[in-house]
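Written below as structure tokens is the structure these notes are about.
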Amino acid sequence: MPKSWEALRASTIIDQFKDVRGGLLPALHALQEEFGFVDDSAIPVLATAFNQTSADVFGVITYYHDFKRTRPGRYTIKVCRGEACQAMGAEELIADIKRRLKVEVGAKTADGEFSLDQVFCLGNCALSPAVMVDHTLYGRVSADRMDKICKGLRA
Amino acid sequence: MSHITIYVPNDSAARSVGAEDVADAIVTESAKRNIEIKLIRNGTRGMLWLEPLVEVATPLGRVAYGPVDVSDVTGLFEAGFLTGGSHKLSHGLTDQMEWLKNQDRVTFCRLGITDPLNPDDYAANGGLDGLKKALTLSAHDIIAEVTHSGLRGRGGAASSTGNKWKSVRNEHAEEKFICCNADEGDSGTYADRMVMEDDPFMLLEGMAIAGIAVGATQGYIYLRSEYIQAKEHLEAAISLATERNWIGAHILGSTHSFFVEVRVGAGSYVCGEQTAMLESLEGKRGIVRAQPPALTQVGLWGKPTVVNNVLTLATVPVILAKGAAFYKAYGVGHSHGTQSFQLAGNIRQGGLVEKAFGISLNDLIHQFGGGTATGRPVRAVQVGGPLGAYLPVKHLDVSGDYESIDAINGIMGHGGIVVFDDTVDMVKQAQFAMEFCVEESCGKCTPCRIGSVRGMEILDDLLAGDDVEANLILLQDVCDVMVDGSLCGMGRSTPLPVQSAMDHFREDFNRPAAKRRVA
């Protein structure tokens with residue numbers, strides 16, 4: 001589970017990448033891996049480290065779907081909406097998840113347990129529909145299997 | 001008898017349907033029975049519908065069982081599967097299975113046979129032959145070999161790989177780069193993932209050969225962030241290959257050096273476009289660059305750069321090892337060699353079919369794929385990813401090669417084939433194509449940024465059944481502007497699935513709104 005934001009720890013992480021060519025993205029990934037999101041307070045620190053303006057850094061963070069500016073749920077569910085998964089009922093699956101967890105795409109559940117995101121391909125297109133929960137990939141996910149996965153994580 | 005060797009794939013698709021649990025269950029069960037086994041975590045054989053596919057080594061060859069569930073494991077032991085005993089999940093000798101036997105596994109010659117992270121296994125199965133050969137040739141001769149093989153960019157652009165390398169070779173610069181595009185974002189494609197998870201050394205070998213050929217010493221693999229296991233395998237392979245001196249300083253004792261680093265994307269589809277990919281590698285927003293100058297002249301950090309897809313680079317070693325003529329003998333017309341077709345979506349037997357260009361889509365879908373998973377009739381097939389056309393059944397006898405698919409206004413792209421049954425609503429698929437572009441457009445050029453939003457709105461009206469004739473004309477107009485006015489393939493090709501839906505599935509646009517299914 002991601003830790004809460006610590007400015008000092010964030011600076012230490014950023015420092016490790018400041019001499020890496022094109023190091024901004026690796027630094028952002030490292031921050032996100034540690035905290036689950038990139039706090040806005042890191043923007044000026046990143047800007048100094050990579051010799052860019054804060055606006056540039058803000059632009060990069062907001063451009064990419066992966067980078068979050070607020071704390072996500074304890075688990076992040078990514079449901080694939082690519083065509084291969086649609087052909088096997090991904091739209092119905094995502095509707096079912098929204099109904100059961102009472103959450104919208106791009107938001108997190110009221111209890112902070114789950115964030116729900118849509119993605120457009122997890123590379124598991126022969127075993128559709130596919131879902132990824134944090135770093136674990138699932139294939140042939142029925143609504144019931146998804147429900148079991150969520151209940152298993154909550155337990 | 002000494003120990004028995006059992007194979008359980010460590011591929012993420014196999015794991016997504018329980019390969020880990022099956023592997024654990026086999027270990028537990030054999031311990032319980034006091035049987036000594038050697039468990040090898042191989043790559044997938046590409047028969048994804050049979051995953052988890054367990055294989056047992058017997059004196060006659062490897063025998064396959066699948067799809068194995070944890071609950072099947074005890075039964076398999078009881079049926080004597082350790083000696084290849086018969087069981088309802090048995091498929092006999094793996095190599096004799098029709099689905100595999102009828103393929104041309106050239107690039108993927110080791111797929112599922114080896115342990116992806118065992119360098120000895122790699123070298124014992126033809127790995128490294130290409131690199132060793134390359135080290136005996138001049139740069140000119142390496143490039144000539146690749147050019148003569150007819151290898152074309154497997155990412156979708158299909159331009160000559162040899163010519164691209166030659167352009168970079170001819171540039172004079174302090175630094176040059178090999179950038180491997182591993183941002184495999186097209187729905188319906190997973191062949192790059194398989195290269196990286198299931199045979200990663202061949203990608204490193206291909207990149208090293210490219211580096212030697214063009215005079216580059218640094219390579220980057222730009223990997224999409226969704227491919228978590230591919231990242232683990234690549235990084236492990238890089239460190240193993242460096243230990244063996246297959247990459248790094250003075251490769252295999254030669255004067256050539258080549259270093260490889262993995263860089264992870266951040267969930268942007270357009271970063272699979274080569275100029276956007278380089279921007280992203282430089283740590284910027286993944287915004288498309290206008291060309292010229294060509295990347296072969298002004299690429300990564302302004303230096304001459306080869307950008308090749310994973311499959312392209314992974315195919316280079318076998319071309320060097322076996323010669324241009326060997327590779328060129330496969331295929332038809334100007335489409336030389338093999339294509340890694342990926343069967344996906346609503347398909348009974350989904351998986352990787354590597355076959356010489358020229359096999360018909362029908363044969364791929366029916367002979368290999370076994371028709372739809374739902375058992376309903378095939379209605380639409382999207383070839384070449386989300387920017388590819390939806391083809392109707394009447395076009396499926398088309399030969400699977402670049403030129404033939406182009407001729408019916410489709411694209412081969414990265415070789416993904418996504419099958420839909422007759423419940424598909426093509427107006428919704430057309431709208432999804434526009435929605436995808438709204439989500440993924442980099443925003444640099446107006447036709448793509450605004451056109452996709454307008455397209456979605458018009459398709460909202462069409463879904464509601466409003467003013468169908470006028471809205472179809474308007475939609476066509478938006479498509480034309482996007483095709484003619486966009487900077488890169490994202491805006492130029494988004495209209496392709498939309499137009500193909502209008503051309504081939506016109507009846508769906510006339511369906512009353514009340515008759516549409518809602519998710």
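Between helix A:7-17 and chain A there is an angle of about 80 degrees, using the helix long axis and the longest principal axis of the Cα atoms. Overall size of the range B:1-79 from C-alpha positions, given as principal axis extents largest first: 32, 26, 19 Å.
Can you tell me what share of the DSSP beta bridges in the protein assembly as shown is antiparallel? A percent to the nearest 5 is fine. The partial results should precede the final answer.
Working: 35 of 66 bridges.
Among the beta bridges of the protein assembly as shown, antiparallel pairing accounts for roughly 55 percent.
In the range A:20-148, the DSSP beta bridges split such that about 55 percent are antiparallel, to the nearest 5. Each of B:Ile221, B:Ile411 was scored by other Cβ atoms within 10 Å of its Cβ. Listed from fewest to most, they are B:Ile411, B:Ile221.
Under 5 Å between amide hydrogens, built in the peptide plane, is the criterion, and for B:Tyr220 it picks out B:Ile178, B:Cys179, B:Cys180, B:Glu261 among residues at least 5 positions away or on other chains. Among bridges DSSP assigns within chain B, what percent are antiparallel (round to 5)? In chain B, DSSP labels about 55 percent of beta bridges as antiparallel. Ordering B:Asn10, B:Thr58, B:Gly46 by Cα displacement along the dipole of the range B:1-90 toward the positive end leaves B:Thr58 in first place; charges were set at the Cβ atoms of Lys, Arg (+1) and Asp, Glu (-1).
In plain terms, the residue of B:Phe177, A:Phe50 with the fewest other Cβ atoms within 10 Å comes first and the most crowded comes last, giving A:Phe50, B:Phe177. Straight-distance candidates among the lysines for linking to B:Lys32, with alpha-carbon spacing under 16 Å and chain neighbours fewer than 8 residues away dropped, are absent. Taking Cα centre as origin and charging only the Cβ of basic (Lys, Arg, +1) and acidic (Asp, Glu, -1) residues, the dipole magnitude of the range B:390-519 rounds to 260 debye.
Per-residue shielding of B:186-193, expressed as the average number of other chain Cβ atoms within 10 Å of the residue Cβ, stands at 6.
Here the spin labels are modelled as points 7 Å beyond Cα on the Cα-Cβ line, and at B:Asp21 and A:Ala7 they lie 4.7 nm apart. Averaged over the residues of B:15-21, the number of partner chain Cβ atoms lying within 10 Å of the residue Cβ comes to 4. Projecting label points 7 angstrom from Cα along Cα→Cβ for B:Thr28 and A:Ser54 puts them 5.5 nm apart. Share of pairwise Cα-Cα distances greater than 22 Å in the range B:57-195 is 61 percent (whole percent).
Available extension along the chain between B:His3 and B:Thr446 is 153.0 nm, counting 0.36 nm per residue and deducting the alpha carbon span. With bins 10 Å wide beginning at 0, the percent of Cα pairs of the protein assembly as shown falling in each bin runs 3, 15, 25, 28, 19, 8, 1, 0.
A Förster radius of 45 Å, combined with the Cβ-Cβ distance separating B:Ser160 from B:Asp422, puts the computed FRET efficiency at roughly 0.65.
Note on B:Glu174/B:Ala144: beta-carbon distance plugged into 1/(1 + (r/R0)^6) with R0 of 30 Å gives a FRET efficiency of 0.70. Between the range B:443-486 and the range B:498-512, the C-alpha centres lie 14 angstrom from each other. Sequentially through the range A:142-153, phi angles give Karplus couplings (6.51, -1.76, 1.60; θ = phi - 60°) of 7, 4, 5, 4, 4, 4, 5, 4, 5, 5, x, 6 Hz, Gly and Pro residues having no value and appearing as x. Taking the Cα centre of the range B:255-308 as reference, the dipole from Cβ charges on Lys and Arg (+1) and Asp and Glu (-1) amounts to some 80 debye.
Taking label positions 7 Å along the Cα-Cβ direction at both B:Asn245 and B:Ser71, the computed distance is 5.5 nm, reported to one decimal. Among the listed pairs A:Lys78/B:Lys164; B:Lys176/B:Lys231; A:Lys148/B:Lys428; B:Lys38/B:Lys355; A:Lys78/B:Lys176, those whose Cα-Cα separation exceeds 26 Å are A:Lys78/B:Lys164; A:Lys148/B:Lys428; B:Lys38/B:Lys355; A:Lys78/B:Lys176.
Mean projection of the Cα convex hull over all viewing directions, computed for the range B:156-271: 7.6 nm².
Computed from backbone phi with θ = phi - 60° and the Karplus coefficients 6.51, -1.76 and 1.60, the 3J(HN,Hα) list for the range B:411-423 is 9, 6, x, 9, x, x, 10, 10, 9, 10, 8, 6, 8 Hz; x is used for glycine and proline.
Give the order of B:Glu98, B:Glu171 when sorted by the count of other beta carbons within 10 angstrom, beginning with the fewest. Present the calculation step by step, with values, prior to reporting the outcome.
Working: B:Glu98 10, B:Glu171 17.
Ordered by Cβ neighbours within 10 Å, fewest first: B:Glu98, B:Glu171.
Size check on the range A:1-122: the Cα extents along the three principal axes, sorted descending, read 46, 31, 21 Å. Averaged over peptide A:135-142, the number of partner chain Cβ atoms lying within 10 Å of each residue's Cβ comes to 5. The range B:25-82 and the range B:220-247 have Cα centres lying 28 Å from one another. Selection among A:His65, A:Gly22, A:Ser142 by position relative to the dipole of chain A gives A:Ser142 as farthest towards the positive end (Cβ unit charges, Cα centre). Loop-located GluC sites (Glu not before Pro) in the range B:25-60 (DSSP state other than H, G, I, E, B) with a sparse environment of at most 12 neighbouring Cβ atoms within 10 Å: B:Glu36.
When +1 charges are put on Lys and Arg Cβ atoms and -1 charges on Asp and Glu Cβ atoms, the dipole computed for chain B relative to its Cα centre reaches about 780 debye.
By the Cα gyration tensor, the range A:65-155 has an equivalent ellipsoid whose semi-axes, rounded to whole angstrom, run 20, 15, 12 from largest to smallest.
Each part gets one Cα centre, and for the range A:50-87 versus the range B:332-375 those centres are 34 Å apart.
Where a number appears in this text, it was derived from the coordinates with a stated rule and is not lab data. Predicted model, so just to flag it, every value in this text is computed and none were measured. Note that we place each Cβ from the backbone using ideal geometry, even for glycine, and neighbour counts take in every protein chain shown.
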